[in-house]
Structure formats: structure tokens, C-alpha cells
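Remarks on the structure that follows.
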Amino acid sequence: MDKKLLKINNLASKVEKEEILKGIDLEMNKGEIHVLMGPNGAGKSTLANVLMGHPEHEITDGEVNFEGEKINDLAVDKRAKKGIFLSFQYPEEIPGVTVENFLRTAKSAVTGEDQSIFDFKFLLEEKMELLDIDKEYADRYLNKGFSGGEKKKNEILQMAVLDPKLAILDETDSGLDVDAVKTVATGIQKLASDENGIMIITHHNRILDYIDVDYVHVIIDGKIVKSGTMELAKDIEENGYEKLKKEQEECSYC
Amino acid sequence: MSENKVDLKEIDRSIHDKKTDKDYSNRAKIGLTPKIIREISKEKNEPEWMTEFRLKSLEIYQNKPLPDWGADISDLDMDEILTYIKGEGEIQNDWEEVPEDIKNTFDSLGIPEAEKESLAGVGAQYDSEVVYQNLKEELVEQGVIFMDMERALKEHEDIVKEHFMQLVPPDDHKFAALHGAVWSGGSFVYVPEDVEVDIPLQSYFRLNAAGAGQFEHTLIILEKGAKAHFIEGCSAPKYSVNNLHAGTVELFVKEGAELRYSTIENWSKNMYNLNTKRAIVEKDGLIEWVSGSFGSKVSMLYPMSILNGKGARAEYTGVTFAAEDQYLDTGAKVVHAAPHTSSNINARSIAKGGGHAFYRGLLKVTDSADHAKSTVSCESLMLDNDSKSDTVPVMDLNTDDIDIGHEAKVGRISEEAIFYLMSRGISEEEAKAMIVRGFVEPIAKELPLEYAVELNNLINLELEGSIG
């Protein structure tokens, strides 16, 4: 079976007139967990949004391949149906729509099969338990009045329910307290399998303590400047991005 | 909203736009004269005072100018509108006796289902006459009266005479005067002291003739300590001639009584809906309005609550949906005229496809209403850049010792929210529908199940094809 999940080739993008991604190359196989690090404004969230198909971001060059298919122009919902999932950095509040109703609609949409109310409730409660989320959240309006941490947990709950092939987690650990980071991170590790790939965007290594990371990439000024293993993440935690930034500047011809 | 309330199956617009093949030979002449008014009154076998009332109203109507504010109603040719259409159906007590074509229409509107589910009673109005009335026996035994206005005028003349157009007098505005002159049909509800009607009383009516005006009068009286829920639904088929609806609703809520008045109106897109609704609430009484306004070309509708006794309360929850070529001017009015009265207004409007939703509200606190409390919240949601929303909540406060809260939000549907939902595999159309349904959830949850479903169906219908 083909393990190739995602292939990003020389990807460049802009928002309005501002260029953000300036030639990203990245490959991911099923069964892998990648971490994307980098200073603020480097383009991490942009990459996540471009992969999901956010309408404000325009691809100006390059190609995104998902399971061998070019998806540059694919609509957002179609990408989700193919198995791409984005855990939002700032999840939207949708008043009047309960978590359960929303997720059942979403599950029906991505699977193409209507979800029975009973079976779905069972699935949802099982996943809520996994993430230590109170069952009453199923009846609450989506993200409405949720704390920052609750919103992030809810994103991972959605990932657990929708079971995507590629999960992009945009700063899922920010806004979480120590215990919540542990719950969410162990949850993510449990969801990781040979059938999916996970891309974790983060500022901190705390979340990585609970996750078996395969690759770490550093993105600076719209490009991946260095790739490595957890050692790279540890190096950055100790020394910051200055050294890498300098290398990048000195090497502007390359 | 919770799933057990929502039926997302789409219904065909044509259900509401259906017109039956019917003989309208009995219709009155176009235009209004005292002679026509006398004919109407005579045909209805009305008491002399009602005939006089109609004639007096006609006089006021003919001398009153059109309102110079709100919607543009200059397209409305009053002489072209048939004011009185009598269908072949007389008032029925048994569903079996209802004429077949009328039944077919009701079938497609789901009325018999409502009956099958043993609801308290259905007063369904077909054109200008109520054709079907039924009320559970135990309610009759308790002295509850639920019948059409024509019959109430004969059987309960004293009660009708005491209350009829006392809250909305003919000189209130031109269309109130017109209503007074040509009113026909409508529902009459009387609940005696301390009687609680625990199942909603329902009435459903629709217009079925091109150019037909509908002027139904609803009169509800709750005696001391009585409780009731009245639901009214409307639907009209579509025609090319401008249609006028100028109904009147008068609600009398006596001391300690509680009335909930729910209505979902879905007018054809050529309708001028100029309805007047008013409630007067005595000491410690409660009026609750739940209102859904769909369809029509123009609507001007401002249910008013007059809090007349100490501790009287009013709640208003309303949603207005203005689509292409529609101007919906709606809002709630509350008059606090006694101490310790309270009101809570929650109005939502949606505009799409160039539609215009206008919230026009009034909060008046008289100088005798010390310790009055009121919260007004209006939110509007525009689904595209062509649509318009306005909010004009007027406040007229004449005493200081009061507690007033006001919140108004006007916004467009959030692209980020649509992106968020789409990133979970939900189509753009469904994402928008989901956001809109969530937006009106505070209203939907106030409605009984079948009406919440209808509200959702109407929203789905309105949203259909709204995506480029």
C-alpha cells in the first residue's frame, strides 16, 4: 500500500498582496508525525490554512499533492472529505449549533453516510472520554463561551470523531494548562496510527513530551530552513531561532 | 439545536404557493362603498352596532392618509383589492365535512397531522372564512371558548362588544380603519378565571384568491389567573396581483393571567402584510410573543404590549427573514405604564439576496412606571453584500427610577465561520444554513416541535439557491 500522504512542492502563497509562503517543500508519509516550528509570522499558520484551502490565501506557485492528487484548487469541504483536517488556532464560535449536532453533520459529510443518532452519540461519548471532556459539552453550542483550553480540546475531539488521514494541528497546545496539554497530547498520540499523518505546529516542546515525533521542520520567512528530529526541537528550545535566522540571511542566495 | 427538533428535509416551495381551482363567483365588487359594507354585514347577519361600527370605520379609512413612514406602499392599489371573498365552505366541525379541495390544500400544509396528534383545536381560515373548528371536550366543559369571530359575535356578543377594537381602535391608522370596516373571520378565544389550557390552541389560515384582502380579527381574552398558548400560522399562495393583509390581533391578559401568542407567518412574495397586534396586560400578568415573519413583499408589524398593571411582564422573541425584493419592517413595542413592570425583547433578523430587514422598536416608560425593567436585544445577520439591515430602537423614558439594558448587533455572516464549518466537510450552502439556523435557535426553541420544524423548513427554503 502506498504510504505517501502529502507532497508539497515549491509552494508559494500570498494574502492580498503580501507574499507569505516562498517555496515550501515537504513530504509526509502515513504513520508519521511531523512538527513545524518557527518564529511568529514565519508562515506556519499560513501553511496550515493553505493546505486546508482558506479562500483568502492564494497559491502563486508550486503544488500541493494529497495521496497523489493535486489539490491546489480543491474546495475546502472537498479537502475535508478527502481526509484533511485542521485544528484551528482560534476556533470559531457558532451560536445555536450544538457540538453533537455539528459533529454528526460533519461526520455524515466526510463519510458520505448518514449517522444514526444513537450510534453517533455512542461514538461521541467514547471520544469525549478519551479526551477527558464532560459529556454535557455535547449539548453546548459549538465553542460558545468555551475557554481557550476547552476550544482546543474540542478541536481534538473533532479530529477524534472525524478520523482524518492528515491532521494539521495549529498551536493546539497554546492556551492549555499543564494538565490539559498532557490530556490533549496523549489523546493525539492515541489517535496517531499507521493510516494517518499528523502535522503539529507549535511554539513549545511541552506537547512533544508525550508524542513520538518523527521529523521536526523549522520554517523562517516562508521557507523550511532546516529539518531534523527531536534534537532540532531541543536545540531551538535552548538557543532560539537566532542562529537559524542568521544562517538563512547569510545564505540568501541559496 | 438539538436533533430531535430538527427535520432538515426540504419542502417544496410550491406547497405554499399552491392555488386550488375554485369558483369565486360569490366575490364582492372591487372597491369600497358604504353599500358594500352594509351588504357584507347583512350577509353575515350581524347586529346593528357592528354594521354601524363598520360604517364608522369606513369613514375614518376614507379620511385618513397613508402612513408617511416605514415601508413604501405606493404600489398598493386599494381599489383593486377585493375586500371580501366568501368561499363555498361553511364552518365545519368535522374534518370529513371539509370540502375536498380545501382539504387537499390543508393536507399539503400538514394541518390534518396536527389534528391527528390530538392538538387542542384547529381553526383554519380559508380565504376570509374559517372552515374548520374543533376544541377538546374537557376544555369546553371548563368554559373555554375557541371559535371563529363570526360565530363569537352571535353566541358571545357581549364579550365581543366589550373588547372588539378597543385595543386597536379604527382611528389608530388607516389600515386599522380598513380592518374595522371589512374585517372577516379570525379566531376568538376566551379562557375563564383560573383555567389553564395546557395544550396549544392552533389556528392556520391562508389566502387563496388573486387580489383577495384578508382582514381576520383575532380576539383573545384571559380572565384572572388563566393560562393559554395560542398559535397562529399563515401561508398564502403566490399571485401576480398585489395582495393585502391587514389583520388585527387584540389580546387581553387580566390579573395574574399568562398568555403565549406564537405565530409563524409565511406570506407569498407579493403580499403587503400590514398587521396590527396589541396586548394589554394587567397586574402580575404575562404576555409572551413568539413571532416568525417570512415572505411578503412588504411587512409592517410591531406587536405592542401595554403593561397596564403593577408587576405586569412582556416577553418578545422574534425572527424576520427578508430575501430578494422584500422589505420587512418589524419590531416590538412595549409601553410600561405601571410600576415594577418588566419587559424582555429579543429580536433577530436575516437579510439575503438584496432583502431589507428593518428593526423598528419602541420602548416607552410612562412617569408612573417606577422600577420598570427592560432589556432590548436586536441582532441582524446579512448573508451577502447586497442585503440591508437597519435598527431603530426608539426609547421614550419618562421616569428615572428604571433599569434599561439595550444591545444591538448588525453583522454579515462570517467568512471565517463558513471556512471553519467547511473544513469539517460541510458544504458552503449547508454551512450558511447551519449558521442561520443557529442564529434563530433562540426563537426555534420557544416553539412547539412541529412549528420549530416548519421554521427550519422555511429557513432552508429561503436559503435555497442563495449560493452563487
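The values are calculated or read from the model by the stated rules, or taken from the named source; none is laboratory data. Remember, predicted model here, so these are calculated numbers, not experimental data. All Cβ positions, glycine included, derive from the backbone under ideal geometry; neighbour counts span all protein chains shown.
Might you check whether a residue that is out of contact with any helix residue (DSSP H, G or I) (no Cβ under 8 Å at 6 or more places or on another chain) and either exposed (fewer than 15 other Cβ atoms within 10 Å of the Cβ) or more than 30 Å from A:R140 (Cβ to Cβ) (or both) occurs anywhere in segment A:72-87?
Scanning segment A:72-87 turns up at least one residue that is out of contact with any helix residue (DSSP H, G or I) (no Cβ under 8 Å at 6 or more places or on another chain) and either exposed (fewer than 15 other Cβ atoms within 10 Å of the Cβ) or more than 30 Å from A:R140 (Cβ to Cβ) (or both).
Out of all the residues in segment A:35-75, which are in a strand (DSSP E or B) and within 12 Å of another protein chain (Cβ to nearest Cβ)?
Passing the criteria: only A:H57.
Give segment B:307-316 a look and list any residue that's buried (at least 23 other Cβ atoms within 10 Å of the Cβ) and within 24 Å of B:A176 (Cα to Cα), or say none.
B:L307, B:A314, B:Y316
Matching residues to (1) touching an Asp or Glu at 6+ places or on another chain (Cβ under 7 Å); (2) of a type in the set (D, E, K, R); (3) modelled with pLDDT under 95; (4) within 21 Å of A:F66 (Cβ to Cβ):
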{"residue": "A:L123", "(1), (2), (3), (4)": "no, no, no, no"}
{"residue": "A:E129", "(1), (2), (3), (4)": "no, yes, yes, no"}
{"residue": "A:I133", "(1), (2), (3), (4)": "no, no, yes, no"}
{"residue": "A:E150", "(1), (2), (3), (4)": "no, yes, yes, no"}
{"residue": "A:E155", "(1), (2), (3), (4)": "no, yes, no, yes"}
{"residue": "A:D163", "(1), (2), (3), (4)": "no, yes, no, yes"}
{"residue": "A:I168", "(1), (2), (3), (4)": "no, no, no, yes"}
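Being free of Cβ contacts under 8 Å to residues at least 12 places away in the same chain and not charged (D, E, K, R) is the filter here; which residues of segment B:396-443 pass it?
Passing the criteria: B:F419, B:Y420, B:M422, B:S423, B:G425, B:I426, B:S427.
If a residue must be outside any loop (DSSP other than H, G, I, E, B), more than 14 Å from chain B (Cβ to nearest Cβ), of a type outside the set (K, R) and free of Cβ contacts under 8 Å to residues at least 40 places away in the same chain, how many such residues does segment A:112-136 contain?
So the answer is 6.
Which of the residues spanning segment A:85-111 are within 16 Å of the chain's Cα centre (by Cα) and facing chain B (nearest Cβ under 8 Å)?
Across segment A:85-111, the qualifying residues are A:F85, A:L86, A:F88, A:P91, A:E92.
Kindly indicate which of B:I73, B:I85, B:I40 is buried (at least 18 other Cβ atoms within 10 Å of the Cβ), modelled with pLDDT under 90 and over 25 Å from B:D148 (Cβ atoms).
Residue meeting the stated conditions: B:I73.
Please work out if B:E430 is within 11 Å of chain A (Cβ to nearest Cβ) and of a type in the set (D, E).
yes
Considering only segment B:223-248, state which residues are at pLDDT 90 or above, over 17 Å from the mean Cα position of the chain (by Cα) and more than 15 Å from B:P200 (Cβ to Cβ).
Matches in segment B:223-248: B:E223, B:K224, B:G225.
For A:K190, indicate whether it is more than 17 Å from the chain's Cα centre (by Cα) and either crowded, with 16+ Cβ neighbours inside 10 Å or not in a loop (DSSP other than H, G, I, E, B) (or both).
Against the criterion (more than 17 Å from the chain's Cα centre (by Cα) and either crowded, with 16+ Cβ neighbours inside 10 Å or not in a loop (DSSP other than H, G, I, E, B) (or both)), A:K190 does not qualify.
Restricting the search to segment A:18-61, which residues are surrounded by fewer than 18 Cβ atoms within 10 Å (Cβ to Cβ), out of contact with any Lys or Arg (no Cβ under 9 Å at 6 or more places or on another chain) and small (G, A, S)?
If the condition is that a residue be surrounded by fewer than 18 Cβ atoms within 10 Å (Cβ to Cβ), out of contact with any Lys or Arg (no Cβ under 9 Å at 6 or more places or on another chain) and small (G, A, S), then A:G41 is the only one that fits.
Tally time: how many residues in segment B:390-427 are facing another protein chain (nearest Cβ under 9 Å) and β-branched (V, I, T)?
2
Based on what the data block shows, is A:G96 part of a loop (DSSP other than H, G, I, E, B), in contact with an Asp or Glu (Cβ under 6 Å, 6 or more places away or on another chain) and touching a residue at least 40 places away in the same chain (Cβ under 8 Å)?
No; evaluated as a whole, the condition is false for this residue.
Take B:E162 and tell me if it is of a type in the set (D, E), at pLDDT 50 or above, within 23 Å of B:L259 (Cα to Cα) and not in a strand (DSSP E or B).
yes
Can you pull out the residues in segment B:177-209 that are surrounded by fewer than 24 Cβ atoms within 10 Å (Cβ to Cβ), within 28 Å of B:K224 (Cβ to Cβ) and within 18 Å of the chain's Cα centre (by Cα)?
B:P200
Mind listing just one residue for me: the one in segment B:272-300 that is modelled with pLDDT of 95 or more and not charged (D, E, K, R) and, of those, surrounded by the most Cβ atoms within 10 Å (Cβ to Cβ)?
The residue in question is B:V281.
Which number in (1) closer than 19 Å to A:K152 by Cα; (2) within 12 Å of another protein chain (Cβ to nearest Cβ); (3) within 16 Å of the chain's Cα centre (by Cα) marks the one condition that A:K81 misses?
(1)
Among A:K127, A:K82, A:K78, A:K135, which is the only one that is touching a Phe, Trp or Tyr at 6+ places or on another chain (Cβ under 7 Å), of a type outside the set (S, T, Y) and over 20 Å from B:E441 (Cβ atoms)?
Among A:K127, A:K82, A:K78, A:K135, only A:K82 is touching a Phe, Trp or Tyr at 6+ places or on another chain (Cβ under 7 Å), of a type outside the set (S, T, Y) and over 20 Å from B:E441 (Cβ atoms).
Residue by residue, here is whether (1) touching a Leu at 6+ places or on another chain (Cβ under 7 Å); (2) assigned to a strand (DSSP E or B); (3) among the acidic types (D, E); (4) free of Cβ contacts under 8 Å to residues at least 40 places away in the same chain holds:
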{"position": "B:V334", "(1), (2), (3), (4)": "yes, yes, no, no"}
{"position": "B:N344", "(1), (2), (3), (4)": "no, yes, no, yes"}
{"position": "B:A357", "(1), (2), (3), (4)": "yes, yes, no, yes"}
{"position": "B:K364", "(1), (2), (3), (4)": "no, yes, no, yes"}
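Report, by residue number, each residue of segment B:430-451 that is modelled with pLDDT under 80 and assigned to a helix (DSSP H, G or I).
B:L449, B:E450, B:Y451
Answer yes or no: is there a residue in segment B:328-341 that is over 17 Å from B:A279 (Cβ atoms), crowded, with 19+ Cβ neighbours inside 10 Å and touching a strand residue (DSSP E or B) at 6+ places or on another chain (Cβ under 7 Å).
yes
Name every residue in segment B:452-467 that is among the small types (G, A, S) and in a helix (DSSP H, G or I), in order of residue number.
B:A452
Can you find, within segment B:396-430, the residue that is surrounded by the fewest Cβ atoms within 10 Å (Cβ to Cβ) among those that are more than 23 Å from B:L461 (Cα to Cα) and acidic (D, E)?
If we take residues in segment B:396-430 being more than 23 Å from B:L461 (Cα to Cα) and acidic (D, E), then B:D400 is surrounded by the fewest Cβ atoms within 10 Å (Cβ to Cβ).
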